[in-house]
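J.: I'd like to ask you about the structure that follows.
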Amino acid sequence: MRKMTDLISINCVKLLISALFYTCVLCSSVEQKIYVVLNETVPCVRLLNATHQIGCQSSISGDTGVLHVLETESDLDWILSSGPHPPYMVIMETAFFNRSVMMRMKNSSRVAGVAVIISKTGLADNFSPHTTCPNQNTGVYSESYGSDLANCNGTVWNPLGNGLSYEDFSFPVFALKDENQTQVLRKCYEDHNQRVNGSAPQYPLCAMQLFSHMHAVTDTVTCMRRTDLQNRFSINPEVLCDPLSDFNVWTSTRPLNNSAKGHAADESVVIAATRLDGRSFFWEQAPAAEGTVSGIVTLLATIQALYPVTQEAPPPRNIFFSFFQGEAFDYIGSSKMVYDMEKNDFVIDMNNVHSMLEIGQVGLLSGRSLWMHSDPVSRQNKSVDTEVSEMMSRIQSAAAGLKLTVDHPSVSQPLPPSSFQRFLRARRIPGLVLADHNTSFTNRYYESMYDDAENLNVTYPPGLTPDEQLVYETDAAKSLAEVATLVARSLYLQAGGEENNLNNITADPKIVAQLLYGFLVQKNNSWFRSLLPPEVTKKGVNSILSPGPPQFYIGLGPRVHGPAHSVTRFVQYILANLTGTVTNLTESQCQNPSELSTENKDLFSYFWVSGPASVNGTREPFCVRASVRLSKAVSPAFELLEYGSRNYSTWTESRWKSIRARIFLVASRELERKDAFAGRLSDSPAQRRTSRCAAGWRSVLHSGWDSDCLRHCADHPLLQIKDAFVWR
Amino acid sequence: MNLERIPNEEKLSLCRRYYLGGFAFLPFLWLVNVLWFFREAFLKPTYTEQLQIKSYVKKSALGLIVWVAVLTTWITIFQHFRAQWGEVGDYLSFTIPLGTA
């Protein structure tokens, strides 16, 4: 008797184990048959500053909603008031992505999330999600300095701005950039969710789930305090947010001793500056063509034009070129450099600065004149006024031989948002900001995803290979080369150089064309590859040389994301190529040049670069010596631990666990409930199977397992959608 | 432990120990006291020690009600106002939820 029961129990155990095995092996494959994962999406994330949070947040287990495509006004009414299956997940056509529609979505409880289709069809004439008065609280104009000019009382710089980037949304907003993926969504919508003859669609309906749960809340002060508490008292500390940080790039015509901080003896310096970054509504998307690339390309071409002459016939003053990172977020880079100068922690200090020339947005000239903006408040001082007037007359005389005209706006107009404002906050130095606009920006897509090559009129005739496109000189390239020549000659005169050397200073339009191609169209081109170190060119998918144009969002810097941001490295290595000298050092000598007596690590940096590819594809790397340096661009508020600072930038980016999106078919609530509790007691086997498959994973689990389900799931309509579009 | 088999003096001393122990910020002892000795104190036929046991059970119940009221009030206030208290709220919290105020 005992043996019999033993045998039965052993068989039961074996049956149980095999049943579990069968179940568990098939678990994941059914999940794949239910959900279609969307890979090519871009989220909107949460950013915080001293007092507010902006961006988007989803719930911790994702937000689910029934899909509805927003194409007409009646769709908007359906979503917001009359549709019978709230909450809705809105697929928004490009034309509807504006402030009024998004604010209505924000105030409604029937919207679970928004997926915006990013395309040029249906794009409005202008779209700028930035504020109308960029960086109004951290510029130079305030209650105590030019109070009638503060908060854009004098001039509204970005009148087309709708401020969407600075709103706080409690639902996820994703961007759909891939056309094929948008087609999948449209097909699912047309097959299941479309209204037939005005009546509501029936279950099962196509639904989408978006996950973008952000960890940080309220503001930077709260987030940093909670991170500190976690680090001190928790066993498993979690960082909630990270400050935005990266590096500034600087160089000078005469090398400066990097180890000697504070005032540099006998150095009078003219600063030439521009910004390195941009932003948009979505995370890490910022093509920033007119807003940023025009300035970077112009300053790089200026350096290329100026460098040979400053070596042959050096002017009395040094010229200091600086690319500031993080200017979109309350002037992170420039405030850090000014802070270091005041603390005597930089190679020069404010006493060394003679004057400053900044290059703003200069890409959309189209035959009009260039404008020289100055600060009216500091010009009330006689000496500063004379210096500024002299600077303007030097620029006018430099423009005499060129096709450009320069003009200055009315004397009472304030400075546009620019890094020069941070320098003025420290000391009233004479300076100018060059721009292609007089009163408000000519850029109709300021700090948005649509400020791309097309906005700058950089288009190439069809049928060119990438290498031919690289050197093709568009009209934009020629125009920027003119501006660069003007800036180079003006800087030479400003630094005290001789007028008869001016004709030797011209910017090369071919270099400008190559820079425009690399920064606007394709960063993985042959010229960039020859400038960068060999390990970068050989790396895999996550290399900074991935296909497409570079994105100019500042990111979280070396603490979180490895070495410097891709754009910072490009500018660094391009400067090394334009201003450096080739040396015959070996690779190990290039890494440790201090061992050699002829090389000076204090005055120069040494870069091991790939070199151009020869005919059979091999490269011969070599060592370049240049006086190009990186300096940290993190807001002084984080060094001083004043997270609620009003004087410095306090922008941080929240952390998150996972960001993903998926679509599936969903059953009505009643059916799901019935399945979960009634299980095998419901109507017919066929309906049981349909409702089980259609209702998703949870219902299957509740109502028990049936191997027939698997066979039935194979003919399920959702699978047919998936098979129609092959995924990698 | 089955109270049937214990002599009455031991029952009294047990009840007293639980009652006194509850004063050390241990209201669960009072809860146990009330639930365990309720039948002994009120539903059994009278015996000598029953009067004292009854008084201990009543006092335990009183203490328990006070504790429940205080805890409920504090928990409600904390859950409702923690976000608005900012710094104080964070220092009073053991774990702070991610992503919500």
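J.: Can you bin every Cα-Cα distance in region A:462-583 into 5 Å intervals starting at zero and give me the percent of pairs per bin, rounded to whole numbers?
T.: 2, 10, 16, 18, 19, 14, 11, 7, 3, 1, 0
J.: Tell me which lysines have Cα within less than 16 Å of A:Lys601's Cα, excluding those fewer than 8 residues away on the same chain?
T.: A:Lys261
J.: State the Cα centre-to-centre distance between region A:65-120 and region A:458-534 in whole Å.
T.: With region A:65-120 and region A:458-534 each reduced to a Cα centre, they are spaced 44 Å.
J.: Once the Cα atoms of helix B:8-21 and of chain B are each reduced to a long axis, what angle between those two axes, in degrees from 0 to 90 to the nearest 10, is obtained?
T.: Its long axis makes an angle of about 20 degrees.
J.: So for A:Asp340, A:Asp148, A:Asp178, fewest C-beta neighbours within 10 Å to most, what's the order?
T.: Starting with the residue having the fewest Cβ neighbours, the order is A:Asp148, A:Asp178, A:Asp340.
J.: Next question, about the same structure. Could I get the Rg over Rh figure for region A:4-145? Both from C-alpha atoms, Rh via Kirkwood, rounded to two places.
T.: 1.26
J.: Over the alpha-carbon set of chain A, work out the extent along each principal axis and list the three values in angstrom, largest first.
T.: Its Cα atoms span 109, 61, 59 Å along the three principal axes.
J.: Using only alpha carbons, build the gyration tensor for region A:86-139 and give me the equivalent ellipsoid semi-axes, biggest first, whole Å.
T.: Working: eigenvalues 121, 59, 13 Å².
Whole-Å semi-axes of the equivalent ellipsoid: 25, 17, 8.
J.: For A:Lys538, give me every one of the lysines with a C-alpha distance below 26 angstrom, ignoring sequence neighbours fewer than eight places off in its own chain.
T.: Output for A:Lys538: A:Lys523.
J.: Something else about it: Which order do A:Trp608, A:Trp651 fall in if you start with the one that has the fewest other Cβ atoms within 10 Å?
T.: By the 10 Å Cβ count, ascending: A:Trp608, A:Trp651.
J.: Expressed in nm to one decimal, what extension gain is obtained for the pair A:Ser61 and A:Lys382 from 0.36 nm per residue of sequence separation less their Cα-Cα distance?
T.: 109.2 nm
J.: Dividing the alpha-carbon radius of gyration of region A:149-267 by 2.2 N^0.38 Å (N being the number of residues), what value is obtained?
T.: Dividing the Cα Rg of region A:149-267 by 2.2 N^0.38 Å gives 1.92.
J.: Inverting the mean 1/r over all pairs of different Cα atoms, compute the Kirkwood radius of chain B and quote it in Å.
T.: 16.0
J.: Compute the FRET efficiency between B:Phe25 and A:Asp345 as 1/(1 + (r/R0)^6), taking r as their Cβ-Cβ distance and R0 = 51 Å, and round to the nearest 0.05.
T.: Working: r = 54 Å, r/R0 = 1.07.
In this case the efficiency is close to 0.40.
J.: If you don't mind, another one. Viscosity 0.692 mPa s, temperature 37 °C: give me the Stokes-Einstein translational D for region A:379-480 in µm²/s, with Rh taken as the Kirkwood radius over C-alpha pairs.
T.: The diffusion coefficient I find is 193 µm²/s.
J.: Still on this model: Quick query: amide H of A:Gly113 versus all other amide H atoms, modeled in the peptide plane; which residues come in under 5 Å with a sequence gap of 5 or more or a different chain?
T.: Amide H neighbours of A:Gly113, under 5 Å, 5+ apart: A:Val90.
J.: Between 0 and 90 degrees, rounded to the nearest ten: what's the tilt of helix B:27-38 against the longest Cα principal axis of chain B?
T.: With both axes taken from Cα atoms, the answer is about 30 degrees.
J.: From the Cα gyration tensor of region A:276-429, with a ≥ b ≥ c the square roots of its eigenvalues, which class applies: rounded if a/c is under 1.5, or else prolate if a/b is larger than b/c, or else oblate?
T.: rounded
J.: So what's region A:163-207 giving for Cα Rg divided by 2.2 N^0.38 Å, two decimals?
T.: 1.57
J.: Work the Kirkwood hydrodynamic radius out for region A:412-464: mean of 1/r over every pair of different alpha-carbon atoms, inverted, in Å.
T.: Taking the inverse mean of 1/r over all distinct Cα pairs, region A:412-464 comes out at 14.2 Å.
J.: In nm, give the distance between the simple-model label positions of A:Ser393 and A:Phe21, each being 7 Å from the Cα along the Cα-to-Cβ direction.
T.: About 9.5 nm, to one decimal.
J.: Using only Cα atoms and rounding to the nearest 10 degrees, what angle (0 to 90) does helix A:179-188 make with the longest principal axis of chain A?
T.: Value to nearest ten degrees: 30.
J.: Checking the cross-link filter: which aspartates and glutamates have an alpha carbon closer than 19 Å to that of A:Lys33, excluding same-chain neighbours under 8 positions apart?
T.: The qualifying aspartates and glutamates are A:Asp191, A:Glu672, A:Asp706, A:Asp708, A:Asp715, A:Asp723.
J.: How far apart, in nm, are two points set 7 Å out from the Cα along the Cα-to-Cβ line at A:Glu179 and at A:Ala260?
T.: 6.0
J.: Can you give me the orientation-averaged projected area of the convex hull built on the Cα atoms of region A:112-170, in nm²?
T.: For region A:112-170, averaging the hull's shadow over all directions gives 5.8 nm².
J.: Within a 10 angstrom radius of each residue's Cβ in B:91-99, how many Cβ atoms of other chains show up on average? Whole number is fine.
T.: Averaged over the peptide's residues, the number is 5.
J.: For region A:411-432 and region A:373-401, what is the separation of their C-alpha centers, rounded to whole Å?
T.: Here the answer is 12 Å between Cα centres.
J.: In addition: Does region A:594-683 come out rounded, prolate or oblate, given a ≥ b ≥ c as the square roots of the eigenvalues of its C-alpha gyration tensor, rounded meaning a/c under 1.5 and, failing that, prolate meaning a/b above b/c?
T.: oblate
Any read-out appearing in this document is the output of simple, stated calculations on the displayed coordinates, not a laboratory observation. Please read all numbers here as calculations on a predicted model, not as lab measurements. Heads up, the Cβs are rebuilt from the backbone with ideal geometry, glycines too, and the neighbour counts pull from every protein chain shown.
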